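Read through the structure below, which is laid out as structure tokens, and then see the notes.
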Amino acid sequence: MQGLHTHFRTRAGVVKAVDGISFDIAPGASLGIVGESGSGKTVTSLSIMRLVEPPGFVAAGRILFQGRDIIGMSEREIRGIRGSEICLVFQDPMSALNPVYTVGTQVAEALLAHQDLSRAAARERVIELFRLVGIPAPERRVDEYPHRLSGGMRQRVTIAMALANEPRLLILDEPTTALDVTIQAQILDLVRGLRQRVNTAVLLITHDIGVVTELCEQVIVMYGGRIMERGNVAQVTADPKHPYTMGLLASMPTRAIRGQRLAAIGGVVPNALRMPPGCPFQPRCPQAMDVCGTDPGLRDPGDGRRVACWLY
């Protein structure tokens, strides 16, 4: 991805939901994008899938997939790779599944849309996929309707659907937010194992940096549609450089602060129509300086990562 700008036209003006971000992800690698609600994470994933609908539009940039620019593809071309080579797992599995069709039928349709299979062969493949993602009694579950399954099971179904055609890139948008911690751990273990088995690149979108540490090797911290910090997970979580990253990590509950009040980042996310000049985090930053009114760009603080901060 190179210099992606995704904007939304409103009556009050243009919202720059994604404001010039660039990153890449290699086959079999895992990258997490973390940030508060409204930071541009989900819009980034929808841009990759070409699912941004009016009044949203990609204003500039390129999204290269296997050497081809997704932005410039025709609708027919993007339909050929969406759901087969690039797949997206949404946060709410119930909204991603049609309540009037069995889960097996819906996963089978994903197979039939991109592969030359008979319906009987597709059904057998669905059962195999259900077994792969840890759904018990897959021969019976394949004929269940979504409302008959638990939240964790529905999420496993959506992951099975996403993996049906063995995509080269799997995008997970808050895949565990609505699940309890036990099911969340199971889903993360499942994705980790499938990534190793199928060599699929994984892009994880989340507000929880703790989930990123469980699943990803690289992490991008976003705020106000821009990248604040980018580096490997161990590096960023052990020694955060950007004040926003520091605030996110300080707000995480740990055993060490059990019984104490959690730290919180002061202030609120600025109005997307009236973003401050320079660094978007400037109004909330405890280390803000006069120079923060101009864009610092992404800089190397000396250890190979990139930080958008004048401190470095």
>> Considering the Cα positions of the chain, please state its Rg to one decimal place and its Dmax as a whole number of Å.
In response: 20.4, 67
> Once whole DSSP H runs in the chain are found, which of them have Cα atoms spread over 20 Å or more along the helix axis and a mean Kyte-Doolittle score of at least 0.0?
Replying inline: 181-198
> Counting alpha carbon pairs within less than 8 Å and at least 6 residues apart, what relative contact order, in whole percent, applies to segment 167-258?
Replying inline: 22 percent
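Rounded to the nearest 0.05, what FRET efficiency do R9 and Q66 have when you use their Cβ-Cβ distance and R0 = 25 Å?
0.20
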> Between H207 and A263, what is the spin-label point distance in nm, taking each point 7 Å from the Cα along the Cα→C-beta axis?
Replying inline: 2.0 nm
> Which of the peptides 224-237, 138-151 is most tightly packed, and how do the rest follow, judged by the mean count of other Cβ atoms within 10 Å per residue?
Replying inline: 224-237, 138-151
>> Given R₀ = 22 Å, what would the calculated FRET efficiency be for L51 paired with R192, taking r from the Cβ atoms and rounding to 0.05?
In response: 0.25
> Tell me, in nm to one decimal, what length is gained between T254 and Y312 on full extension, where the rule is 0.36 nm per residue of separation less the Cα-Cα distance?
Replying inline: 18.0 nm
> If you average the sequence gap of Cα pairs under 8 Å that are 6 or more apart and divide by the length of the chain, what percent do you get for the contact order?
Replying inline: 21 percent
>> Within segment 17-46, list the residues whose amide N lies under 20 Å from a label point set 7 Å along Cα→Cβ of Q2.
In response: 18-27, 44-45
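Computed from the coordinates by the stated procedures, all read-outs in this text should not be read as laboratory data. Please read these numbers as outputs of a predicted model, since none were measured by experiment. We place every Cβ from the backbone using ideal geometry, glycine too, and count neighbours over all the protein chains shown.
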